[in-house]
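Please read the structure below before turning to the comments.
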Amino acid sequence: MNGNLLAVLLYISAPLIVLNLFTYVYGIIDMVVVADKGGDVLSAVVMANQLQNLFTTLGGGLATGGSIMVSRFIGRNDYPSAKSAANTFLTVAAVISLAFVGIILPFTDPLLRAAQFDDRLLAAGRSYFAVQVITAGVGIFNSTFLSFEKSRGATTNVLFINLVVMAVKIALTLLFVQAYDLDVVWIALSTLFANLIITSYAAVNLIRRKYLFAYSFKNNRFKADILKPYVRLSMPVFLGKFVFSFGKVIVNALGTQYNRFAPGALGVSNNVAGAVTNVTSATEEAISTVVSQNIGARNNRRALKCFWVALALDIAIALIGTFILNFISGWLAGFFSQGGDVTAEEAEYQRRLIEEIFRYELVGIPFLGVNAASMGFIYGLGYTKLSLVFNLSRLFVLRLPVVMIMLFCFYDFGPGGLGLGMLVSNVGVGVVSFILALACYARVGKGDFRDDISGKTERGDTVSADRKAEATFLQPVEEDISENPQNMQHFKIKN
């Protein structure tokens with residue numbers, strides 16, 4: 001791939017950024033609707049969502065590993081292998097989705113009890129969580145499919161289908177809960193119905209013969225050369241994200257030791273910060289794709305340069321976002337503390353608590369921008385095992401110890417200790433991930449890079465003059481992949 005790296009990253013990131021922002025907006029709408037139902041319902045939904053996020057990490061891990069492999073094959077112009085790998089991984093995702101729902105759904109109540117749901121929270125969140133489990137199962141397949149769309153450069157398609165999904169989701173939420181004043185379980189059902197649109201979109205594309213990843217069971221390759229690197233890449237990502245998400249569940253459970261408002265306040269703070277972190281996470285996906293494709297084309301120097309461009313971009317986004325949120329944080333805290341069955345005194349307490357926790361969250365946002373660029377670079381190189389070690393450290397070294405020390409040793413500090421734990425964790429992940437990225441950068445720069453997909457060690461920037469002439473780069477065109485399956489949608493290959 002040639003051309004200005006910033007332009008390439010922005011071109012790939014822009015649809016994903018818009019998508020993430022819209023996703024954030026409908027998440028905020030959900031939060032507003034839920035907050036109007038009262039403090040118990042808000043805390044129950046926030047805690048149930050954290051449990052759901054725990055399960056969606058499985059889909060995230062499978063999607064990341066599969067996307068890295070498919071992007072690597074596309075970078076090599078090996079489209080038959082890309083198609084075979086995508087078909088295989090989609091089959092695996094579908095089987096895991098069904099197994100997941102069948103195993104988890106019968107244990108809804110025990111899981112919620114283990115997450116410290118008392119009788120009031122359980123009554124408010126039981127049905128909501130059961131529907132979210134089904135949605136998480138559907139999401140495992142959907143995220144895998146969409147990751148392959150991103151790998152082939154069809155980020156505009158991803159944006160469009162998700163905008164449709166969000167429009168349906170918001171419309172159904174407002175209809176069910178606002179217009180008809182139904183229970184919050186209908187918020188979860190609206191999310192499930194909307195996500196099934198992505199599943200339908202995937203099915204329609206996969207049966208098209210001219211689609212790059214057109215599905216046929218005979219294209220599946222359940223062999224070691226495909227499955228071993230897939231598992232090697234996916235499992236560390238899944239386990240790392242799972243452990244970290246599990247840490248959020250633990251933090252919420254610890255928050256209930258303060259009072260019933262603390263988990264909800266922490267959830268609101270996280271959601272507000274998402275206005276910025278959702279944008280930087282989109283660039284994380286973009287840098288992972290660009291780095292992986294350049295490594296596949298053996299254009300190591302360009303892959304290394306991509307890291308610095310992405311780092312500057314993410315830091316700029318994070319600083320601008322932090323500046324804006326700082327001015328509106330007070331208004332947001334007051335907005336989310338209104339409604340429900342709380343008294344005026346309780347509403348005021350909730351407002352001050354949200355504002356206190358968010359002050360800590362705000363300081364850590366720029367460091368999360370550094371983390372997004374660093375981890376995107378590491379994923380693109382295929383060093384997913386580092387993500388496991390990283391997330392374990394993030395949880396057990398940086399976050400939980402601080403939260404537990406504040407709870408058990410400095411209880412009088414109050415629920416603000418949850419925010420302090422978030423601050424230490426977010427600053428730490430930015431610093432540690434940057435150090436890890438520099439270590440990977442140095443290894444590739446010295447020519448001691450081991451490709452975790454091919455298993456080969458690449459010495460130096462092995463792109464010869466002839467190879468550079470063959471290396472692909474992306475240029476926007478109107479041509480669709482359905483008309484020419486040898487090209488990625490919205491891109492053409494030039495020599």
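Before moving on, here are some points about what is shown:
- When Phe141 is tested against (1) at positive phi; (2) modelled with pLDDT of 90 or more; (3) not β-branched (Val, Ile, Thr), only condition (1) is not met.
- Of the candidates Gly364, Gly330, Gly334, the single residue that is under 21 Å from Leu418 (Cα atoms), modelled with pLDDT of 90 or more and either among the hydrophobic types (A, V, I, L, M, F, W, C) or in a helix (DSSP H, G or I) (or both) is Gly364.
- Matching option when the condition is surrounded by fewer than 23 Cβ atoms within 10 Å (Cβ to Cβ) and modelled with pLDDT of 90 or more, among Leu111, Leu105: Leu105
- Residue in segment 391-414 that is at pLDDT 85 or above, among the hydroxyl-bearing types (Ser, Thr, Tyr), touching a helix residue (DSSP H, G or I) at 6+ places or on another chain (Cβ under 7 Å) and closer than 27 Å to Cys306 by Cβ present: no
- Whichever residue in segment 353-388 is farther than 28 Å from Tyr230 by Cβ and among the aromatic types (Phe, Trp, Tyr) and, among such residues, is surrounded by the fewest Cβ atoms within 10 Å (Cβ to Cβ): Tyr360
- Residues satisfying the stated conditions in segment 84-122, i.e. out of contact with any helix residue (DSSP H, G or I) (no Cβ under 8 Å at 6 or more places or on another chain) and within 29 Å of Asn259 (Cβ to Cβ): Phe107, Pro110, Ala114, Asp118, Asp119
- Residues (of a type in the set (Ser, Thr, Tyr) and without any contact (Cβ under 8 Å) to a residue 24 or more places away in the chain) located in segment 29-86: Ser81
- Answer from Phe213, Phe246, Phe193 - the residue that is crowded, with 19+ Cβ neighbours inside 10 Å, under 28 Å from Ala63 (Cα atoms) and either aromatic (Phe, Trp, Tyr) or at pLDDT below 90 (or both): Phe213
- All of Ser200, Ser151, Ser127 fail the test of being on the phi < 0 side of the Ramachandran plot and crowded, with 20+ Cβ neighbours inside 10 Å, apart from Ser151.
- Some residue of segment 299-313 being touching a residue at least 12 places away in the same chain (Cβ under 8 Å), outside any helix (DSSP H, G or I) and touching a helix residue (DSSP H, G or I) at 6+ places or on another chain (Cβ under 7 Å): no
- Extreme residue, farthest from Val133 (Cα to Cα), among residues of segment 48-102 that are surrounded by 23 or more Cβ atoms within 10 Å (Cβ to Cβ), at pLDDT 90 or above and touching a Gly at 6+ places or on another chain (Cβ under 6 Å): Phe89
- Test result for Val370, closer than 22 Å to Ala275 by Cα and touching a Gly at 6+ places or on another chain (Cβ under 7 Å): yes
- Selection of segment 249-269 for residues being surrounded by 22 or more Cβ atoms within 10 Å (Cβ to Cβ), within 26 Å of Phe390 (Cα to Cα) and out of contact with any Leu (no Cβ under 6 Å at 6 or more places or on another chain) yields Val251, Asn252, Pro263, Gly267, Val268, Ser269.
- Among the residues making up segment 186-230, those that are touching a helix residue (DSSP H, G or I) at 6+ places or on another chain (Cβ under 9 Å), assigned to a loop (DSSP other than H, G, I, E, B) and not charged (D, E, K, R) are Tyr211, Leu212, Phe213, Ala214, Tyr215, Ser216, Asn220, Phe222.
- Filter pass, Leu319 being in a helix (DSSP H, G or I) and modelled with pLDDT under 85: no
- Some residue of segment 407-428 being under 16 Å from Met375 (Cβ atoms) and surrounded by fewer than 20 Cβ atoms within 10 Å (Cβ to Cβ): yes
- Failed criterion for Leu121 (all others in (1) over 21 Å from Ile198 (Cα atoms); (2) without any contact (Cβ under 8 Å) to a residue 12 or more places away in the chain; (3) of a type in the set (A, V, I, L, M) hold): (2)
The values are calculated or read from the model by the stated rules, or taken from the named source; none is laboratory data. None of these values were measured; they are calculated from a predicted model. Cβ atoms come from the backbone with ideal geometry, glycine included; neighbour counts cover every protein chain shown.
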